[in-house]
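In what follows, a structure is listed as structure tokens, so that the remarks can point back to it.
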Amino acid sequence: MDSLSTLFSTFRLQVEIIHNAQYCGDWAVDTSGPGHISFHLVTHGQCYAESSKLKQPARLEAGDFIMFPQRTRHRISSEKESEVELNIAPSLPYAEGLKRDGVGLLCGYFRFTHAANSPLVDLLPPVKIVQSALTQADATAVKILSMIKQEALSQESGGQALINRLAESLFVVLVREHMLENQATSGMTAALTDGRIAKALDAIHAQPEYGWTVDELAALANLSRSAFADRFKTLLGESPINYLGRWRMQNAWLWLSEERATIYDVAKRCGYESEASFSKAFKKYTGESPGKVRKRDPDDQTA
């Protein structure tokens with residue numbers, strides 16, 4: 001499995017839809033908040049998006065999508081620079097028919113179930129907009145958005161489940177496209193698009209239990225030990241061995257909290273010879289003991 005797919009598998013993306021209806025008249029909404037990534041899809045009509053991360057209000061039309069990966073405060077409203085109070089306007093269900101002056105909005109959250117801060121969030125800009133009319137019609141993101149819009153308006157049986165799955169796929173596509181379109185010089189984006197460092201990351205992600213050495217990882221990257229170590233730290237801000245340790249603990253959290261694996265088994269899967277040494281490393285990284293995480297309610301996985 002490639003490293004980007006492994007990251008998604010580890011950090012477990014989930015979608016929650018909080019609104020799928022239409023607004024009429026003057027209205028304004030803000031769904032920003034801690035712990036999640038807000039998104040909005042215009043299903044019919046037009047509206048405006050404002051945020052400190054946008055140079056000017058963005059006009060959004062049917063099929064357009066906006067997302068705030070950095071949990072940025074924002075305002076989606078009927079008019080540009082609207083002063084209408086936030087989140088008080090009532091919405092109308094599509095069952096009443098599409099209103100000529102209405103604006104259909106599908107609003108929701110992306111969030112990662114893993115307690116650690118997902119590096120996937122760092123792969124995206126503070127604001128991401130997809131304007132369907134200005135994007136190639138055969139672009140994957142536009143195709144997915146068209147399917148989501150159709151399901152949102154149709155209100156057919158199973159539509160909610162399908163929207164959730166399509167939205168998850170959309171997020172993966174947007175991350176991949178952003179990585180390919182932007183030549184980052186540091187961070188996870190730069191590391192995953194660096195052919196040599198990506199090979200080392202693939203190896204670490206695939207076998208976290210193995211006792212990787214810098215020499216072995218450098219050989220996979222076809223670099224000298226010093227050149228590899230310098231390049232790795234320049235891109236990711238930490239040494240290869242520190243990254244390996246952190247990756248092990250991130251996986252350990254999942255195995256303990258979701259699989260309810262024993263501490264002994266998790267220690268072995270992380271490459272530790274004893275529970276004691278693993279427990280010490282785990283607590284240093286997470287601030288909690290493995291036993292406490294293992295006993296925690298699965299619905300409460302905040303670190």
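The values are calculated or read from the model by the stated rules, or taken from the named source; none is laboratory data. The model shown is predicted, which means the values in this text are computed figures rather than measured ones. Glycine gets a Cβ as well: all are built from the backbone with ideal geometry, and neighbour counts include every protein chain shown.
Out of region 1-10, which residues are among the small types (Gly, Ala, Ser) and either in contact with a helix residue (DSSP H, G or I) (Cβ under 8 Å, 6 or more places away or on another chain) or part of a strand (DSSP E or B) (or both)? Working first, answer last.
Just the residues of region 1-10 that are among the small types (Gly, Ala, Ser), to begin with: 3, 5, 9.
Selection gives SER3 alone.
Would you mind stating whether ALA267 is touching an Asp or Glu at 6+ places or on another chain (Cβ under 6 Å), over 19 Å from THR6 (Cα atoms) and in a helix (DSSP H, G or I)?
yes
What is the number of the single condition among (1) in contact with a Ser or Thr (Cβ under 7 Å, 6 or more places away or on another chain); (2) acidic (Asp, Glu); (3) not in a helix (DSSP H, G or I) that ASP202 does not meet?
Here ASP202 meets the rest and fails (3).
Being assigned to a helix (DSSP H, G or I), loosely packed, with under 15 Cβ neighbours inside 10 Å and either touching a residue at least 12 places away in the same chain (Cβ under 8 Å) or out of contact with any Phe, Trp or Tyr (no Cβ under 8 Å at 6 or more places or on another chain) (or both) is the requirement here; does ALA141 meet it?
Details: assigned to a helix (DSSP H, G or I): yes; loosely packed, with under 15 Cβ neighbours inside 10 Å: no; either touching a residue at least 12 places away in the same chain (Cβ under 8 Å) or out of contact with any Phe, Trp or Tyr (no Cβ under 8 Å at 6 or more places or on another chain) (or both): yes.
It is false that ALA141 is assigned to a helix (DSSP H, G or I), loosely packed, with under 15 Cβ neighbours inside 10 Å and either touching a residue at least 12 places away in the same chain (Cβ under 8 Å) or out of contact with any Phe, Trp or Tyr (no Cβ under 8 Å at 6 or more places or on another chain) (or both).
Give, as residue ranges, the strands (runs of 3 or more DSSP E) completely inside region 11-62 that count at least 3 residues that are surrounded by fewer than 21 Cβ atoms within 10 Å (Cβ to Cβ). Outline the logic, then answer.
Details: elements: 13-23, 37-44, 46-51, 58-61.
Per the criteria, 13-23, 46-51, 58-61.
Considering each of LEU235, LEU254, LEU220 in turn, give the residue that is crowded, with 17+ Cβ neighbours inside 10 Å, aliphatic (A, V, I, L, M) and touching a His at 6+ places or on another chain (Cβ under 9 Å). Talk me through it step by step, then tell me what you get.
Working: LEU235 fails: touching a His at 6+ places or on another chain (Cβ under 9 Å); LEU220 fails: touching a His at 6+ places or on another chain (Cβ under 9 Å).
Step by step, each of LEU235, LEU254, LEU220 is checked, and only LEU254 is crowded, with 17+ Cβ neighbours inside 10 Å, aliphatic (A, V, I, L, M) and touching a His at 6+ places or on another chain (Cβ under 9 Å).
Determine whether region 170-180 contains at least one residue that is closer than 27 Å to ALA21 by Cα, acidic (Asp, Glu), assigned by TED's automatic domain parsing to the domain that holds ARG75 and touching a residue at least 24 places away in the same chain (Cβ under 8 Å).
no
Within region 148-160, restricting attention to residues that are crowded, with 16+ Cβ neighbours inside 10 Å and not β-branched (Val, Ile, Thr), which residue is farthest from LEU123 (Cα to Cα)? If you could, list the steps in order and put the result at the bottom.
Within region 148-160, the first condition is being crowded, with 16+ Cβ neighbours inside 10 Å, and the residues that meet it are 148-149, 151-153, 159.
If we keep only those that are not β-branched (Val, Ile, Thr) as well, we get 149, 151-153, 159.
Details: LYS149: 25, GLU151: 28, ALA152: 28, LEU153: 31, GLY159: 29 Å.
Selected residue: LEU153.
Got a sec? Which of ALA152, ALA133 is part of a helix (DSSP H, G or I) and more than 15 Å from ILE17 (Cβ to Cβ)? Before the answer, list the steps.
Details: ALA152 fails: more than 15 Å from ILE17 (Cβ to Cβ).
Being part of a helix (DSSP H, G or I) and more than 15 Å from ILE17 (Cβ to Cβ) holds for just one of ALA152, ALA133, which is ALA133.
Quick one: which of GLU259, GLU288, GLU275, GLU238 is closer than 21 Å to ALA200 by Cβ, of a type in the set (Asp, Glu) and not assigned by TED's automatic domain parsing to the domain that holds PRO119? So that I can check it myself, show each step before the final result.
Values: GLU259 fails: closer than 21 Å to ALA200 by Cβ; GLU288 fails: closer than 21 Å to ALA200 by Cβ; GLU275 fails: closer than 21 Å to ALA200 by Cβ.
Result: GLU238 is the single residue among GLU259, GLU288, GLU275, GLU238 that is closer than 21 Å to ALA200 by Cβ, of a type in the set (Asp, Glu) and not assigned by TED's automatic domain parsing to the domain that holds PRO119.
Answer yes or no as to whether VAL84 is of a type outside the set (Phe, Trp, Tyr), assigned to a strand (DSSP E or B) and touching a residue at least 40 places away in the same chain (Cβ under 8 Å).
Values: of a type outside the set (Phe, Trp, Tyr): yes; assigned to a strand (DSSP E or B): no; touching a residue at least 40 places away in the same chain (Cβ under 8 Å): yes.
Answer is no for this residue.
On the basis of being in contact (Cβ under 8 Å) with a residue 40 or more places away in the chain and not aromatic (Phe, Trp, Tyr), does ILE129 make the cut? Break it down into steps so the answer makes sense when it comes.
Numbers: in contact (Cβ under 8 Å) with a residue 40 or more places away in the chain: yes; not aromatic (Phe, Trp, Tyr): yes.
Considered against the rule, which asks whether it is in contact (Cβ under 8 Å) with a residue 40 or more places away in the chain and not aromatic (Phe, Trp, Tyr), ILE129 comes out as yes.
Can ILE163 be described as without any contact (Cβ under 8 Å) to a residue 60 or more places away in the chain, crowded, with 17+ Cβ neighbours inside 10 Å and in a helix (DSSP H, G or I)? Step through it out loud before you land on a result.
Numbers: without any contact (Cβ under 8 Å) to a residue 60 or more places away in the chain: no; crowded, with 17+ Cβ neighbours inside 10 Å: yes; in a helix (DSSP H, G or I): yes.
In short, no.
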